[in-house]
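Data first, discussion second: the structure below is written as structure tokens.
The values are calculated or read from the model by the stated rules, or taken from the named source; none is laboratory data. In this text, all values refer to a predicted model and were calculated from it rather than measured experimentally. All Cβ positions, even for glycine, are placed from backbone atoms using ideal geometry, and neighbour counts span all protein chains on display.
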Amino acid sequence: MNKVLAIAIAGCIGTSTLSAQGLGGLLKKVTTDSTVTKSVGALKSKLPGKTGTGLSQEDVAAGLKQALTNGVKKGTEKLAAVDGFYGNAAVKVLMPPEAQKVEQKLRDLGMNKQVDEAILSMNRAAEDAAKTAAPIFINAIKNMSIQDAFSILKGNDTAATSYLKTNTTPAVTQAFKPIINESLAKVDATKYWNTVFSAYNQLPFVKKVNTDLVAYVTEKAMYGIFLQIAGEEQLIRKDPLARTTDILKKVFGQ
């Protein structure tokens, strides 16, 4: 574009016989030529602070942060409610795979109540921990860069959740473990767990079980939370009714 204008200007200066009418015709042609107009539009869309959609970079970042914050709040609130984990088959915390044979043998021995109490206690601990999750995630959202926001906007329907998972998992795991530990103790999950596996380990000819209950419940709690957040993000991206604010409508309506 710059070369075209430079040639046109040089021609105007170097050609003394160009009439006023001819110059006007040239200017008219330049300003109405569709190719030039499109080029100008493309250049404008690349100016600093512009996104090409009529939204500023700040708008896009704000919209995505709001979407993630809403998803985090809704997702954690659902899971923190009574039976948020226990009543949701998609995230319910069950016995770990390596302990499922143990579970079946204990049930065969008439210990259904003890096993059920252990499972319920693990889920209650996860629900309790979910109450404290939102602030950790929201703090990470606040630190999202504009570059991150654009990558997420162009990504798949769970790109924001993936970003959050990548950037918070180590910190959340570290923060969750003492919370889960305390929660398990509060609802006597550790006691039930110990009761179940102490009984099992006393059986003859069985392989002893030593599973880290805190680590396991922490992992399952985090899995459930990220699954909920992903569902909320997909709703905002796909369902116009889920875009409850003007900024969400602008960003995700493009």
Legend entry - Any chance residue 192 is buried (at least 16 other Cβ atoms within 10 Å of the Cβ) and touching an Asp or Glu at 6+ places or on another chain (Cβ under 7 Å): yes
Inset, instruction - Quick one: in segment 149-159, of everything that is out of contact with any Phe, Trp or Tyr (no Cβ under 7 Å at 6 or more places or on another chain) and of a type outside the set (Ser, Thr, Tyr), which residue is surrounded by the most Cβ atoms within 10 Å (Cβ to Cβ)? - result: 149
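Here's the yes/no breakdown for (1) among the acidic types (Asp, Glu); (2) outside the structural domain of residue 64 (by TED's automatic domain parsing); (3) surrounded by fewer than 14 Cβ atoms within 10 Å (Cβ to Cβ); (4) not in a helix (DSSP H, G or I):
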residue: 110; (1), (2), (3), (4): no, no, yes, yes
residue: 119; (1), (2), (3), (4): no, no, no, no
residue: 138; (1), (2), (3), (4): no, no, no, no
residue: 161; (1), (2), (3), (4): no, no, no, no
residue: 169; (1), (2), (3), (4): no, no, yes, no
residue: 175; (1), (2), (3), (4): no, no, no, no
residue: 180; (1), (2), (3), (4): no, no, no, no
residue: 183; (1), (2), (3), (4): no, no, no, no
Inset, instruction - Residue by residue through segment 199-218, note down the ones that are within 28 Å of the chain's Cα centre (by Cα) and in a loop (DSSP other than H, G, I, E, B). - result: 212
Inset, instruction - Using the structure shown, decide if residue 194 is of a type in the set (S, T, N, Q), modelled with pLDDT under 90 and not in a helix (DSSP H, G or I). - result: no
Inset, instruction - Filter segment 234-245 down to residues that are part of a helix (DSSP H, G or I) and modelled with pLDDT under 70 and give me whichever is nearest to residue 162 (Cα to Cα). - result: 242
Inset, instruction - Scan segment 63-108 for residues that are surrounded by 20 or more Cβ atoms within 10 Å (Cβ to Cβ), in a helix (DSSP H, G or I) and aliphatic (A, V, I, L, M) and jot them down. - result: 64, 67, 68, 72, 79, 99, 102, 106
